[in-house]
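Read through the structure below, which is laid out as structure tokens, and then see the notes.
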Amino acid sequence: MSGSSASSAVLAYIPSPPQGVWYVGPLALRAYALFIIVGIVVAIVWGDRRWVARGGTKGTVLDVAVWAVPFGLLGGRLYHVATDWSTYFGPGGDPVRALKVWEGGLGIWGAVLLGGVGAWIACRRRGIPLPAFGDAVGPPILLAQAIGRIGNYFNQELYGRHTTVPWGLEIYERVNDSGRIDQLTGVSTGVVEKIVHPTFLYELLWSLAVVALLVVVDRRFSIGHGRLFALYVAGYCAGRFWVELMRDDYATHIAGIRINSFTSAIVFVLAVLYFVLATKGREDPASLRSDDDRFDDDRSAAGDRSEGEDRSGDELSDGDDAAEVPSGDNAAPGTDAQSTSNKE
């Protein structure tokens, strides 16, 4: 009986994918990169719809993303490398690997920070307020983060401590073509190395819950001026804090605490302060239109006024022609008669 129960428990474990990279000739198709790209596309499409619904111009989110996405990827990688310095630059480390973004390792804190800088540049160029833009894209960004976590599942990374819970995640041994251990690009041998907490899944589910909460709050209270974005940051940090406490993979520690836990706590406090102190209510939809749109509107209005003035001038000209008194051969018959009578 106990053996049957143990067997049922084992069958309930979540299996990891056998591999996270597929090769088509020399081209490597990486699940991690795929889900990052899917998340970005979803964020742009949904974010643009939310921006238009708030009064903005269609296509603005894509224009801003051209700046924000590269900045965000750079910031995410810089944060990861900075907080995992010894892996790349410590004893036995390989500095070149710091450039291999496709192997995984993007810190969300750096991605949001530098991505925000890129968005600020784009918004400034278009003449639209960054806080309002952040409110529109906050929920879509968090949804993109949730989608990206699926890539961590394929990479067998960001998992927690050993566990015996039924939803524990199986971590497989993976080897490359030469038979050497290669957990990132190798293929599973079927050997289960350990059963761990799927913390990437916990974070994914938490993120989806926060996305739903943000949408409900936004509809019910019409939050603006960057306060919804602050809620997104605070909500994510709250979840990330407790998820970090469950992880035991290598990380930089400060006073025995993972550095991401410190970051989560500090950013959470800053986000809450912004939410409390920022301007209440929502922006005037007219203020979300870009400088180009306002210029086009002004030019169109000027054209309409000019057309109206021309039409009015034509009408006045026609009236003046009708008021002229005929003379000579074109004079009225009554006038000729009066002239003849005077001569007589």
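Miscellaneous remarks
- Listed by first and then second residue, the pairs with beta-carbon distance under 8 Å, at least 6 apart or on different chains, first residue in the stretch 42-53 and among the charged types (D, E, K, R), second open to solvent by less than 60 Å² (accessible area, probe 1.4 Å), are D48/G59; D48/T60; D48/V61; R50/A136; R50/V137; R50/P139; R50/P140.
- Given (1) open to solvent by less than 40 Å² (accessible area, probe 1.4 Å); (2) of a type outside the set (D, E, K, R); (3) farther than 24 Å from G72 by Cα; (4) out of contact with any strand residue (DSSP E or B) (no Cβ under 9 Å at 6 or more places or on another chain), number of the condition V175 does not satisfy: (4)
- Any hit, the stretch 222-231, residues being surrounded by fewer than 22 Cβ atoms within 10 Å (Cβ to Cβ), part of a helix (DSSP H, G or I) and not β-branched (V, I, T): no
- Number of residues in the stretch 64-105 that are touching a Gly at 6+ places or on another chain (Cβ under 6 Å) and either in contact (Cβ under 8 Å) with a residue 40 or more places away in the chain or open to solvent by less than 30 Å² (accessible area, probe 1.4 Å) (or both): the value is 7.
- Any chance V192 is over 30 Å from W46 (Cβ atoms), open to solvent by 20 Å² or more (accessible area, probe 1.4 Å), aliphatic (A, V, I, L, M) and touching a residue at least 12 places away in the same chain (Cβ under 8 Å): yes
- The conditions of being under 17 Å from D249 (Cβ atoms) and either in contact (Cβ under 8 Å) with a residue 40 or more places away in the chain or among the basic types (K, R) (or both) are met by H197.
- Subset of the stretch 11-33 that is assigned to a helix (DSSP H, G or I) and surrounded by 14 or more Cβ atoms within 10 Å (Cβ to Cβ) - its residue that is modelled with the highest pLDDT: A31
- Residue in the stretch 189-200 that is in a helix (DSSP H, G or I) and either of a type outside the set (G, A, S) or under 24 Å from L130 (Cβ atoms) (or both) present: yes
- Out of A238, A212, sole residue that is within 17 Å of the chain's Cα centre (by Cα), open to solvent by 30 Å² or more (accessible area, probe 1.4 Å) and modelled with pLDDT of 95 or more: A212
- Which numbered condition I259 fails, given (1) under 23 Å from the mean Cα position of the chain (by Cα); (2) within 29 Å of V81 (Cβ to Cβ); (3) of a type in the set (A, V, I, L, M, F, W, C): (1)
- Close pairs from the stretch 259-273: first closer than 14 Å to R247 by Cα and open to solvent by less than 20 Å² (accessible area, probe 1.4 Å), partner assigned to a helix (DSSP H, G or I) and not aromatic (F, W, Y), Cβ under 8 Å, at least 6 apart: S261/E244; S261/L245
The values are calculated or read from the model by the stated rules, or taken from the named source; none is laboratory data. What you are looking at is a predicted structure, and each value in this text was computed from that prediction instead of being measured. A quick note on method: Cβ atoms are made from the backbone with ideal geometry, for glycine too, and the neighbour counts reach across all protein chains shown. Side chains included, ligands, DNA and RNA excluded: accessible areas come from the protein's heavy atoms. Shrake-Rupley method; radii C 1.70, N 1.55, O 1.52, S 1.80 Å.
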